[in-house]
Amino acid sequence: MIEFKNVNKWYGKLHVLNNINLKIPKGEVLVICGPSGSGKSTLIRCINRLEKIQDGQIIVNNTPVHDKATNLTKLRAEIGFVFQQFHLYPHMTVLRNVMLAPVNVKKMSKTEAEKISLAKLEQVGLTEKSGSYPAQLSGGQQQRVAIARGLVMSPEIMLFDEPTSALDPEMIGEVLDVMVNLVSEGMTMCVVTHEMGFAKKVADRVLFMDDGKIVETGTPSDFFDNPQTDRAAEFISKILTH
Amino acid sequence: MMSFYFGRLVEIYPFFLKGLWMTSKIAFISLVSCTLIGFILGIFRSSNSLILKRVVGVYVAFVRGTPFVVQIFIIFFILPEWGIQLDAFAAALLAMAIMGSAFICEIVAGGINSISRGQWEAATSSGLTLIQQLRLVIIPQAMKVILPPLVGQYVLLIKDTSVVSVIGVMELTRVGWVTVVRIPEGLMVFSLVGILYFSISYPLILLSNYLERKMSM
Amino acid sequence: MLVDFNFRVIFEYLPLFLTGLRSTFLIAVISIALAIVVGIIACSCRISSIKILKYPAIAYIEIIRSTPLLVQIYFLYFGLPTLGLKIPEIQTGILALMLNSGAYIAEIIRAGISSVDDGQIEAGVSSGLNYVQRMRLIILPQALGVTIPPLLGQNIVLVKDTALLSLISVMELTRCGQTMTSERFMPAEAFFTVAFFYMCLYFCLKALADWSQRKLIFREAY
């Protein structure tokens with residue numbers, strides 16, 4: 001469903017994505033981990049073309065992402081993206097934040113959009129906050145709204161870029177719970193995260209990146225209990241002991 | 001002597017009000033045109049296109065680097081040489097539009113650039129087009145940063161209308177200039193002119209201060 | 001259109017333009033220096049708690065800011081003779097520019113002073129420093145960094161403002177353009193040349209302003 005073919009990306013001289021080859025089938029939950037600067041955020045940001053690639057191809061549902069002829073609006077409507085810093089629109093209520101894309105991209109009527117939006121807000125457990133502004137919400141609540149904003153377009157794929165890294169520890173759980181529920185609904189998910197508990201619980205596959213390359217991949221149990229490479233082993237020991 | 005002139009001044013007062021009316025007309029039309037053009041230019045100036053940025057940048061540099069009176073002379077004296085005949089009023093409006101839009105362009109670009117990249121990325125990821133992103137997400141937020149200096153710029157533009165008096169437009173300053181020939185009481189005449197300008201500028205200055213306080217909360 | 005540009009005539013008038021440029025430069029330098037003095041005095045009055053100093057200062061600043069510079073110039077040019085003061089136009093012009101910029105500079109300095117953190121003032125008070133000492137040792141040095149970039153900006157504005165003095169027959173750069181236009185009927189050559197010289201002044205001053213902004217940001221960081 002998502003396919004990377006010989007993908008390369010440079011920031012000037014820095015080779016941030018080095019010959020990435022990857023296939024993510026429908027319904028898979030993929031966790032990507034690795035040290036800072038390994039290229040993991042860049043990798044998922046290329047999927048919905050927030051970043052461009054210089055070489056190779058990325059194909060989502062048979063559509064080449066980085067092709068000039070591709071209808072980006074249509075493509076992005078099928079991909080939901082959740083940011084580390086949430087990036088909710090501060091000048092709109094929670095409900096309007098979620099309704100914005102359905103009304104303006106899918107051209108839905110306001111009533112219909114409102115119905116779906118409230119349903120998604122209920123799914124993340126925040127119906128009572130629909131009239132509030134983002135500034136009135138906690139970090140965890142804001143991130144859950146961001147997830148609802150991603151879900152409201154009924155995407156086939158959800159991408160998460162370190163969704164809990166900017167949250168206070170007590171709020172990480174509520175966001176991870178929402179994400180776990182998504183898994184049980186069969187959503188295709190790519191999650192860049194350091195939350196290894198989440199990975200062990202729901203991931204189908206774990207990808208370890210370093211220096212722009214995919215160093216190792218495997219099922220969670222294989223990866224955490226039996227890392228094949230030294231780098232992976234080193235990384236795992238560091239994050240588990242801190 | 002002073003009271004003789006004062007009496008004549010009272011007689012001629014309607015003339016001043018006509019001048020004030022002309023100033024208001026020029027100011028209003030200019031504020032509207034400069035705001036419209038300035039917003040569009042400001043969006044270009046803060047865009048990702050290097051060409052647009054540079055071209056608008058050159059235009060802004062020329063306007064900001066030369067005195068307004070020189071720009072007016074250029075427009076009024078030089079356009080006829082190129083076959084464009086404009087009367088003083090039209091030339092004045094054109095000069096104001098060119099000058100004001102350059103300054104508003106910088107204010108708008110500053111506002112747009114102050115919006116974090118994350119907002120652009122979130123809007124892009126939802127599939128919104130560039131125009132939708134600007135209209136729904138970026139510009140509403142940028143307005144907080146834009147509005148106080150924009151109103152301040154409006155005050156400056158109202159005052160700049162006085163310079164178009166040099167090409168003979170019968171606005172408030174020129175009324176004073178013409179009057180002082182016949183009523184040689186410079187202090188009285190231009191005090192009156194000043195008071196009339198004050199009456200339209202000062203409320204806007206208060207508004208600008210108020211907005212500045214409100215937006216920084 | 002620029003093909004018919006008569007460069008020969010421009011070179012003929014070059015000495016005149018350079019004289020005008022020199023006048024503009026001198027007028028600007030003198031005016032800004034005097035304006036800074038006026039600004040400091042006006043600002044001190046503005047922020048003082050002595051009513052007889054504060055309210056006239058506020059009135060002065062608001063009147064200047066609410067009325068056009070050209071009106072202020074004409075006010076002095078046509079008004080001073082009626083009081084019996086016959087001073088040369090160039091001095092009238094400098095007076096007008098000095099009073100005008102002085103008001104804006106007063107506000108710039110005021111903004112600079114209020115940008116200094118309250119905590120700094122509290123620290124000074126706790127150390128036993130009196131008002132003058134706090135001003136001299138703590139507030140003004142820090143306010144300086146915030147004040148200099150807008151001050152240079154006002155300088156740029158002032159250079160352009162000098163062009164209005166052409167309307168009261170001061171022989172500065174713009175007047176030279178008018179002279180050439182009336183003698184040779186070549187407004188394009190005259191005013192584009194004038195514009196060119198102003199742009200040169202502008203880019204020099206802007207480079208100075210940008211440089212000061214960079215250097216001062218570094219200072220604020222530590």
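The values are calculated or read from the model by the stated rules, or taken from the named source; none is laboratory data. Fair warning: this is a prediction, and the values are worked out from it, not measured in the lab. Neighbour counts run over all protein chains shown; Cβ positions are idealised from the backbone, glycine included.
Within segment B:43-77, the only residue that satisfies the criterion of being over 26 Å from C:L205 (Cβ atoms) and facing chain C (nearest Cβ under 8 Å) is B:F77.
B:A95 - would you say it is in a helix (DSSP H, G or I), more than 13 Å from chain C (Cβ to nearest Cβ), in contact with a helix residue (DSSP H, G or I) (Cβ under 6 Å, 6 or more places away or on another chain) and not charged (D, E, K, R)?
No; evaluated as a whole, the condition is false for this residue.
The residues in segment A:60-69 that are touching a residue at least 12 places away in the same chain (Cβ under 8 Å), within 21 Å of A:N8 (Cβ to Cβ) and either part of a loop (DSSP other than H, G, I, E, B) or within 13 Å of chain B (Cβ to nearest Cβ) (or both) can be counted, and the count is 2. With B:S191, B:S199 as the choices, which residue is of a type in the set (S, T, N, Q), surrounded by fewer than 16 Cβ atoms within 10 Å (Cβ to Cβ) and free of Cβ contacts under 8 Å to residues at least 24 places away in the same chain? The unique qualifying residue is B:S199.
Identification of helices (runs of 4 or more DSSP H) wholly contained in segment C:21-115 with 2 or more residues that are more than 13 Å from every other protein chain (Cβ to nearest Cβ) and surrounded by 21 or more Cβ atoms within 10 Å (Cβ to Cβ) yields C:89-114.
Cβ-Cβ under 6 Å, sequence separation 6+ or interchain: first residue in segment B:45-64 and more than 15 Å from B:I112 (Cα to Cα), partner at pLDDT below 95 and not in a helix (DSSP H, G or I). Which pairs? From segment B:45-64, no pairs qualify.
For segment C:177-197, filtered to residues that are farther than 20 Å from B:F62 by Cα and more than 10 Å from every other protein chain (Cβ to nearest Cβ), the residue that is surrounded by the fewest Cβ atoms within 10 Å (Cβ to Cβ) is C:S182. Condition check: free of Cβ contacts under 8 Å to residues at least 12 places away in the same chain and in a helix (DSSP H, G or I). Does C:R136 satisfy that? So C:R136 fits the description; yes.
Checked against the criterion of being under 30 Å from B:G83 (Cβ atoms) and within 14 Å of chain B (Cβ to nearest Cβ), the candidates C:F17, C:F11 yield just one match: C:F17. Condition check for C:V157 on (1) surrounded by fewer than 21 Cβ atoms within 10 Å (Cβ to Cβ); (2) under 26 Å from C:P88 (Cα atoms); (3) more than 10 Å from chain B (Cβ to nearest Cβ): one failure, at (3).
For segment B:185-217, residues that are within 13 Å of C:E62 (Cβ to Cβ), at the interface with chain C (Cβ under 7 Å from one of its Cβ atoms) and among the small types (G, A, S) total 2. Filtering segment A:45-82 to residues that are surrounded by 23 or more Cβ atoms within 10 Å (Cβ to Cβ), within 27 Å of A:R231 (Cα to Cα) and out of contact with any Lys or Arg (no Cβ under 8 Å at 6 or more places or on another chain) leaves nothing. Listed conditions (1) in a strand (DSSP E or B); (2) at negative phi; (3) surrounded by fewer than 14 Cβ atoms within 10 Å (Cβ to Cβ) are all met by A:S36, apart from (1).
Counting only residues that are surrounded by 23 or more Cβ atoms within 10 Å (Cβ to Cβ) and within 9 Å of chain B (Cβ to nearest Cβ), which one in segment C:161-176 is farthest from B:S165 (Cα to Cα)? Walk me through it before giving the result.
Of all residues in segment C:161-176, those surrounded by 23 or more Cβ atoms within 10 Å (Cβ to Cβ) come to C:161-166, C:170, C:172-174, C:176.
Among the residues that remain, those that are also within 9 Å of chain B (Cβ to nearest Cβ) are: C:161-164, C:166, C:173-174.
Values: C:D161: 15, C:T162: 17, C:A163: 14, C:L164: 11, C:S166: 13, C:L173: 19, C:T174: 16 Å.
Out of the qualifying residues, it is C:L173.
Among the residues making up segment B:76-92, those that are part of a helix (DSSP H, G or I) and surrounded by fewer than 20 Cβ atoms within 10 Å (Cβ to Cβ) are B:I78, B:L79, B:P80, B:E81, B:W82, B:A88, B:F89, B:A90.
In summary, B:L157 fulfils each of the numbered conditions (1) more than 10 Å from every other protein chain (Cβ to nearest Cβ); (2) more than 12 Å from the chain's Cα centre (by Cα) with the single exception of condition (2).
Comparison of C:F185, C:F191, C:F196 shows that the only residue that is under 19 Å from B:P67 (Cβ atoms) and out of contact with any helix residue (DSSP H, G or I) (no Cβ under 8 Å at 6 or more places or on another chain) is C:F196. When B:V163 is tested against (1) without any contact (Cβ under 8 Å) to a residue 24 or more places away in the chain; (2) not in a loop (DSSP other than H, G, I, E, B), only condition (1) is not met. For segment B:165-178, taking the residues that are among the hydrophobic types (A, V, I, L, M, F, W, C), crowded, with 22+ Cβ neighbours inside 10 Å and more than 10 Å from every other protein chain (Cβ to nearest Cβ), the one that is farthest from C:E62 (Cα to Cα) is identified as B:V169. Of all the criteria given as (1) more than 24 Å from A:T73 (Cα to Cα); (2) surrounded by fewer than 18 Cβ atoms within 10 Å (Cβ to Cβ), the one not satisfied by B:K159 is (2). Assess whether A:E174 counts as being within 17 Å of the chain's Cα centre (by Cα) and not polar (S, T, N, Q). Criteria met by A:E174.
Restricting to segment A:87-114, and then to whatever is more than 8 Å from chain B (Cβ to nearest Cβ) and assigned to a loop (DSSP other than H, G, I, E, B), can you tell me which residue is farthest from the chain's Cα centre (by Cα)?
Only one residue tops the list, namely A:S109.
Every condition in (1) facing chain B (nearest Cβ under 10 Å); (2) in contact with a strand residue (DSSP E or B) (Cβ under 7 Å, 6 or more places away or on another chain) is met by A:Q57 except one, and the failing one is (1).
Counting only residues that are touching a residue at least 40 places away in the same chain (Cβ under 8 Å) and within 22 Å of A:E170 (Cα to Cα), segment A:111-156 holds 14 of them. Here segment B:111-147 is the region considered, the condition is being part of a helix (DSSP H, G or I) and of a type in the set (S, T, Y), and the residue that is farthest from the other protein chains (Cβ to nearest Cβ) is B:T124.
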